[in-house]
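So the structure is just underneath, and the comments pick up after that.
The values are calculated or read from the model by the stated rules, or taken from the named source; none is laboratory data. Worth saying up front: this structure is predicted, and the values here are computed from it rather than measured. We place every Cβ from the backbone using ideal geometry, glycine too, and count neighbours over all the protein chains shown.
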Amino acid sequence: MNYFSNQEMDEGERRDVAFQLVNALREVVSISKKLNQPISYEQTLDFVQDLNPEMYDSITVLLDRKNESDWVKYYKELADAQSTEDKTVNPVDLIEKDLNELDKIALNKDNKRFLKKRIRDYKNAIEYFQPRKISEHKILNRDMYLAERKDLKIQGKIYEKEEFVDYRLEKDNVLRLRLLHPDNAENILGADLIYEHIDTKSGYVRFLHMQYKTWNNKTLNFKAGSLSAQIEKMEQNLCKAGYCNNSEGKKTLKNYRMPFCCAFLRPTSKMQNSDSKMVSTGLHVPICEVKKIMETEKSLTKDNVKGKNVSYKIFDELFNARMIGSRWLTYEEHTNFYKERNLLDVDNIIRLHAQEILT
Ligand SMILES: [Zn+2]
């Protein structure tokens, strides 16, 4: 059992965190593939399946359940009620029977708006029960042998349980993904993302950290849940610790570049309905800016982050252009950063730790 399948936890919260994780994964894959458009929701779920099949099963149940129409619920209950110990009734059979009857009546007749709508509803309900297909044409291919490549043996273990999956990117570069989650999750605060660029030629690393938070698309109360504590932690460990400074120890510099903030808050909308695509507001707010807002405001709003955040598209380009994220750190600085700050503790968090290894 994992956090997402743990019935003792609130289902809405689990669904929010599942959606945060899916969003994080979607960003990482889209940014590393250098696509102009983020990959689709279905393609992202294929990656969850690849990384952790058990988690995939529970996440898809959570995300799909939200999408159950009233007809799906109705036929599920009906099938349940008609099932006996010897015979299980399949809801799809029941829908198909009713659909056939309707089809016969409604065909070739005009002005049967509601009949036609019912037919569509039935067809959608049947669709709901079809098993999710995993694409054979993956957007990135897993590569088992990459881990053996000498130039990719960068350093010792990062986490206690060191499990990762490597995907081949363009120009022999590699995307190394780790999906970390606590074994006994009692109190999950959300999903976060660590995204690193490792340049094996120069021996330097740069990173950024993102904290995903579900919001209603309008406001995010700093008092809600653990948000202010999480922001505080990021500020202490990243901004105040000097990782938002350039190599001269300053936050601004002569050349044109975005400030060196490497910690971001990522307000993420709630899961939408089945037919809407996975829409996300795409706000990326630097923690340094969030802290300033916190000084005078109770919540983060669409209005008070105006001019202080970047959208997905801009973020993607800036990160790939090395204009957003931390400065370059040596491997040693990088390793010490995690050890000294206890940032590898994933007791309360579902984490995606991604490394783009540039060779
Ligand atoms: Zn910062």
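Tabulated data
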read-out: Subset of the stretch 284-297 (residues that are within 16 Å of the ligand (Cβ to nearest atom) and among the charged types (D, E, K, R)); value: 289, 291, 292, 295
read-out: Elements of type helices (runs of 4 or more DSSP H) contained in the stretch 1-114, each with 1 or more residues being in contact with a His (Cβ under 8 Å, 6 or more places away or on another chain) and either surrounded by 17 or more Cβ atoms within 10 Å (Cβ to Cβ) or not assigned by TED's automatic domain parsing to the domain that holds residue 210 (or both); value: 53-65
read-out: Among the residues listed as 199, 172, 183, the single one being charged (D, E, K, R) and modelled with pLDDT of 90 or more; value: 199
read-out: Any hit, the stretch 333-352, residues being of a type in the set (Asp, Glu), surrounded by fewer than 17 Cβ atoms within 10 Å (Cβ to Cβ) and part of a helix (DSSP H, G or I); value: yes
read-out: Breaking point among (1) within 30 Å of residue 14 (Cβ to Cβ); (2) under 24 Å from the mean Cα position of the chain (by Cα), for residue 326; value: (1)
read-out: Some residue of the stretch 196-208 being within 16 Å of residue 283 (Cα to Cα) and within 12 Å of the ligand (Cβ to nearest atom); value: yes
read-out: Flag for residue 221 being of a type outside the set (Phe, Trp, Tyr), modelled with pLDDT under 90, touching a Ser or Thr at 6+ places or on another chain (Cβ under 6 Å) and farther than 21 Å from residue 334 by Cα; value: no
read-out: Top-ranked residue of the stretch 298-316 - restricted to ones that are part of a loop (DSSP other than H, G, I, E, B) and either free of Cβ contacts under 8 Å to residues at least 40 places away in the same chain or within 16 Å of the ligand (Cβ to nearest atom) (or both), ranked as surrounded by the fewest Cβ atoms within 10 Å (Cβ to Cβ); value: 307
read-out: Among residues of the stretch 266-280, those that are under 13 Å from the mean Cα position of the chain (by Cα) and at pLDDT below 85, counted; value: 6
read-out: Leading residue by the ranking (nearest to the ligand (Cβ to nearest atom)) among those in the stretch 223-245 that are free of Cβ contacts under 8 Å to residues at least 24 places away in the same chain and not aliphatic (A, V, I, L, M); value: 240
